[in-house]
Amino acid sequence: MQHFVIVGILVIVTTVLTYLGLDVAGLAKQQHPVAASAQSVSIDQLWHWEMIVISFLFAIIFVPMMYSLIAFRQKKGEMKDGEHMEGNTTLEITWTVVPLFLVVIFAYLGGWSLGEVNRVDPQALVINVRGAQFAWTFEYPEYGIVSNELHLPVDRQVVLKMTSADVLHSFWVPEFRLKQDVVPGRITEYRVTPTLVGDYKVRCAELCGTSHAYMENAVIVDTQADYDAWIIEQTEIAQQLAQTPEGQGRLLAVRNGCLGCHSLDGTPGTGPTWFNLFGKQENLDDGTTILVDEAYLAESILNPNAKIVAGFTSPSVMPAFVFTDEEIANIIVYIQTLK
Amino acid sequence: MKKFFTSALFKGLVWQVIGFFIGAGLVTGIRALMGLSTTDTFFFTEPAWVLGAFFGAISFLVGCGVTDDWIKWARGIETHDEHEEHWTGWEKYVNVSLDHKVIGIQYTLISLALIAIGGTFALIFRAELAASQLQFLTTEFQIFGQNGPQLYNTLMSLHGIVMIISILLGVSGIINYAVPLLIGAADMSFPRLNAFSYWIAVPAAITLISSLFLGGFDTGWTGYPPLSARAPVGMQMFFMGVFIAGWSSILGALNVVVTVLRMRAKGMTAMKMPIFVWAGLATSIIAMTATQFIGLAFQLVMFQRLFDMGFFDPSKGGNPVLFQHLFWFYSHPAVYVFILPGLGVISELLPVFVRKPLYGYRWIAMSSIGIALVGFVVWAHHMFTSGMNEYLRVPFMYSTLLVSVPTGVKFFSWVATMWKGKISTPTPMLFVLGAIVVFLMGGLSGPPHATVSTDLHLHDTYFVVGHFHDTIFGGFVFPFFAAIYYWFPKATGRRMNEFWGKVHFWLMTPSFFVVTFGMMYVGLLGMRRRIADYDPALGIDTSQLIITIAAFCIALSVLIFFINFFYSIKNGEKAEGNVWESRSPEWQVPSPMSLHNYPTPIEVVGEPYDYGLKDAPYTRFAPASKGKGKH
């Protein structure tokens, strides 16, 4: 009996200590990064309950095991066997049925939490999302804006209608706690209500190839006023751009996710940078050099594998695009301006 | 050395190369006649590599001689039913043997070799992860037709699949060695099929690893299309390697099921079988019936690439999510294939070192079967974010959480077994205890993945990676080491060095906790799976460095194990008797075991784990006259 009392006390102490330890590490009350969405509330709540039960389950196995190791160890020179106990059916039934109840309770809570996460606001703002190796593009259909940054108004539900141009991707903003795969050939939905103004990042969570690690775009949660200002600014920019060939070229580059791999400021990426690209002598992987002119750029856009710049992946990971001649000319004009 | 060049292994390897060139040449010839291209980045075209790999595996099997008896039967030539051993020492293990003990050790050796290879891959990419930014696997780095980040993806993917194949072979190793001994059989039911199951794994492993040199593959071990439909030709070697290894699993499992059902000693009713036999049976039922699905899934992608079929290509009406269903319908039950034998080892060894009966024997036996059956209906919990039907997620949450019930029964029973025992802790027992604690961590970090909404955050992060490594180390790696330390004297007549065994344990266990807790921590902070580089803004550089250092400590401890293992074969302390004072039948005869195991048939006269009960043996040698008449 004395053994049971000691173990009982130790189990309680260990449960409390384990929970406090998790809490100090910042892992008990929430799943670490700051929570920035309405959906994260029920998710973090469920996580918190789970951490409490897990602390207890850890203690109830670990403590009697360690206690037995110390209290019931074989002393030196002792050759005796332990007590002959084969089992106890009541006990076995107890530790089958009690966990079964726990399972049902947590499955119920899981269902409740999932229901909270999926709660639909019919007034939700719709944004189209396109994932492609290795960048995200966001389209605001109401305003005709296309952007590489996702701006969201705070405290309003948005529904992202997502699709992929090539392979599987997964839309994950750790602060929102939600993740949804992006699948070619279908549209998947991601509902989120941002609650905390700030700068976050969407990080692709489904392995999508060589530069998967860098498939990250800015997600900015704005106050309603800032959001409105951004929308007006972007609409004006889009209208102005549409009037010049280089502006149209820039829009095409943004819409098609070109800038995910080709930087504008000379930093190396998955593909060659566009900064100072036009007119330079480029080294190819077969050892020859070539002058970057209209013909070379047009060929590289339509058939990325025709010529590979030295140091880049062969065969090219760039998808083959279909553009009209005018669109290609506009993109090239845009590249020419990048000096 | 001459002995090696005449061995079955060497002959098989030579024939594999010849077979490869026949297959590759055939395709290249046909393509030339049809006016198609005949060379590609890696000399042969992709179809040539695929058929070459397939032909190579088949000619390995014919060349090494494992199919000789079957070919003789087909030609009407009699063979000896009694298999005799022609080799001594290490030669046994590089030649075709029909003895289940030799095959069990062969499996164990190839498993250890693959652990070393897969572990080395892990060390390379773990070093890259020690700090953010790319240090040595940069875009300028070029090898095997891959640049640094591509090589990272290849090594990460190969680490996964090489370790998985290694575990499957290690599982076969323990089961093959121990099950016939535990049930008192002279051998497996189908000794030739048993040898075949082992030998087919050799060309499979070679095919798999050859992918590293053929441009690699960047999809992870899951090989999800559409990415896997676009990856370099190494992808095909991965598919082909797993496809062939699957045969080893299916045929080996079939053999175990038949052996357990038909070859038990007299008096060994179902509830008197050693508990490890229950685990082996449960695991074999899964391996025999589920492996086909991964073979099928991989074959479909193979054909999509070779023949332009659109199974998983949305532009042709295919469905990428279908692949995930097919893949996980095997690959989830597969993790129970990995862990059930390990949990069986824990249950089998624990009473020996606690000197007390296994608490709740029937419940533990039934929980193995329970886990195996429930394991078939949980696969879609890997796909909560995949875009499958949203409502399907709820039933899969229920079924997944249900797995914790039979698993809990095992934990409670183990603890009750230890209660009021007389516990001693030699090396095998240390690994058993380590296994229980590590597996507990794996078990406790599981439910947050099962409840769908929390998984929306955790899925595809390092939290999953940490959880997974806990379950596999607790469910397989620790018990595997325990089993090796425990049965090593049975196989060799010598025991492994106790001091270095303890060093191995005390170095590996704390390092391992640092690795997995570190992984879970960085995962919660935003570290995604399968990335070569991470955002320094996450603030996890220090944690990553500590994980890498701890990973190298694990490697060091395993190196100590390897040295101890090979040194002790010849130089270990002699141990021919019942070193662990076990009640199990294999320890009632001298070590090493003789060719057909027991000199006279054994029969069961008691309970397997009646420690603490005087004059109640489990088995005895059957009286000669009675025993023979019955068979």
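Taking only Cα atoms, what is the 0 to 90° angle, nearest 10, from helix A:325-336's long axis to the longest principal axis of chain A?
Orientation of helix A:325-336: about 80 degrees from the principal axis.
If N is the number of residues in the range B:12-75, what value comes out of its Cα radius of gyration divided by 2.2 N^0.38 Å?
1.32
Straight-line reach only, C-alpha to C-alpha below 20 angstrom: list the aspartates and glutamates that residue B:490 could link to, leaving out same-chain residues fewer than 8 apart.
Straight-distance partners of residue B:490: B:85, B:91, B:99, B:187, B:348, B:498, B:573, B:576, B:581, B:586.
Using the Cβ atoms and a cut-off under 14 Å, what net charge is assigned to the surroundings of residue B:31, where Lys and Arg are +1 and Asp and Glu are -1?
-2
Any idea what angle helix A:89-117 forms with the longest principal axis of chain A, computed on alpha-carbon atoms, 0 to 90 degrees, nearest 10?
30
From the phi angles alone, apply the Karplus equation (6.51, -1.76, 1.60; θ = phi - 60°) to the range B:405-417 and give each ³J(HN,Hα) in whole Hz, x where the residue is Gly or Pro.
Karplus values, whole Hz, x for Gly and Pro: 5, x, 5, x, 4, 4, 4, 4, 5, 5, 4, 5, 5.
Select from A:208, B:292, A:2 the residue farthest towards the positive end of the dipole of the protein assembly as shown; place +1 on Cβ of Lys and Arg, -1 on Cβ of Asp and Glu, and compute about the Cα centre.
A:2
Please list, in order along the range B:32-48, the HN-Hα scalar couplings obtained from phi with the Karplus expression 6.51 cos²θ - 1.76 cosθ + 1.60 (θ = phi - 60°), rounded to whole Hz, x for Gly and Pro.
Computed from phi, the couplings for the range B:32-48 are 4, 5, 7, x, 8, 5, 10, 10, 8, 3, 9, 6, 7, 7, 4, x, 5 Hz.
When chain A is modelled as a GNM with alpha-carbon springs shorter than 10 Å, which of A:159, A:309, A:221 fluctuates the most?
Greatest mean-square fluctuation among the candidates belongs to A:309.
For residue B:531, enumerate residues with amide H under 5 Å from its amide H, sequence gap 5+ or separate chain, H modeled in the peptide plane.
Hits under the 5 Å cutoff: none.
How large is the accessible surface per residue of the range A:128-203, computed with a 1.4 Å probe and reported in Å² as a whole number?
With all protein chains present, the range A:128-203 gives 29 Å² per residue.
Explain nothing, just the number: dipole magnitude of the range B:253-401 about its Cα centre with +1 on each Lys and Arg Cβ and -1 on each Asp and Glu Cβ, in debye rounded to the nearest 20.
Once rounded to the nearest 20, the dipole reads 760 debye.
Counting Lys and Arg as +1 and Asp and Glu as -1, what is the net charge of the other residues whose Cβ lies under 9 Å from the Cβ of residue B:177?
Here the count lands on +2.
Remind me, relative contact order of chain B in percent, using alpha carbon pairs under 8 angstrom and six or more residues apart?
Over chain B, the number comes to 13 percent.
List the lysines whose alpha-carbon lies under 19 Å from that of residue B:420, not counting same-chain residues fewer than 8 positions away?
A:75, A:76, A:80, B:356, B:410, B:614
How much of the accessible area of the protein assembly as shown, probe 1.4 Å, is carbon plus sulfur, in whole percent?
Here carbon and sulfur together make up 65 percent of the probe-accessible area.
Count charges around residue A:28 for me, please; just the other residues with Cβ under 11 Å from its Cβ, Lys/Arg as +1, Asp/Glu as -1.
Result for the local shell: -2.
Could you tell me the total accessible area buried at the B-A interface, probe 1.4 Å, in square angstrom to the nearest hundred?
For chain B against chain A, roughly 7800 Å² becomes buried.
Kirkwood Rh, the protein assembly as shown, all Cα pairs: how many Å?
30.3 Å is the Kirkwood radius here.
Cut-off 10 angstrom, C-alpha nodes, Gaussian network model of chain A. Which of A:294, A:78, A:175 fluctuates the most?
It is A:78.
Counting only C-alpha contacts under 8 Å and six or more residues apart, can you give the relative contact order of the range B:12-75 as a whole percent?
49
Could you tell me how many degrees, from 0 to 90 and to the nearest 10, lie between the Cα long axis of helix A:245-255 and the main elongation axis, the longest principal axis, of the Cα atoms of chain A?
In chain A, helix A:245-255 runs at an angle near 20 degrees to the longest axis.
Hey, in the GNM for chain A with a 10 angstrom Cα cutoff, which one of A:124, A:295, A:205 fluctuates hardest?
A:295
Which residues' amide hydrogens lie under 5 Å from the amide hydrogen of residue B:266, considering only partners 5 or more residues apart or on another chain, with H built in the peptide plane?
Those lying under 5 Å, H to H, from residue B:266 are B:604.
What aspartates and glutamates could a cross-link reach from residue A:161, if we take a straight Cα to Cα line under 12 Å and drop same-chain neighbours fewer than 8 places away?
A:139, A:181, A:189
Provide Rg over Rh for the range A:1-106; use the alpha carbon set for both Rg and the Kirkwood Rh (inverse mean inverse pair distance).
Computed over Cα atoms, the ratio is 1.12.
Tell me what chain B gives for mean residue ellipticity at 222 nm when only DSSP H runs of n ≥ 4 count, each as -39,500 (n - 2.57), the sum divided by the residue total, rounded to 500 deg cm²/dmol.
Value at 222 nm, helices only: -21500 deg cm²/dmol.
Amide H to amide H, which residues 5 or more places from residue A:73 or on other chains are under 5 Å from it, using H placed in the peptide plane?
Hits under the 5 Å cutoff: B:423.
Relative contact order for the range A:76-156: what percent, with Cα pairs under 8 Å and sequence separation of 6 or more?
In percent, rounded to a whole number, it is 14.
Among B:323, B:368, B:437, pick out the residue whose Cα is farthest towards the positive end of the charge dipole of chain B, where Lys and Arg carry +1 and Asp and Glu carry -1 on C-beta, about the Cα centre.
It is B:368.
The values are calculated or read from the model by the stated rules, or taken from the named source; none is laboratory data. Note that the structure is predicted; figures quoted are calculated from it, not measured. All Cβ positions, glycine included, derive from the backbone under ideal geometry; neighbour counts span all protein chains shown. Please note that ligands, DNA and RNA were not included when accessible areas were found on the heavy atoms of the full protein model with its side chains. Shrake-Rupley method; radii C 1.70, N 1.55, O 1.52, S 1.80 Å.
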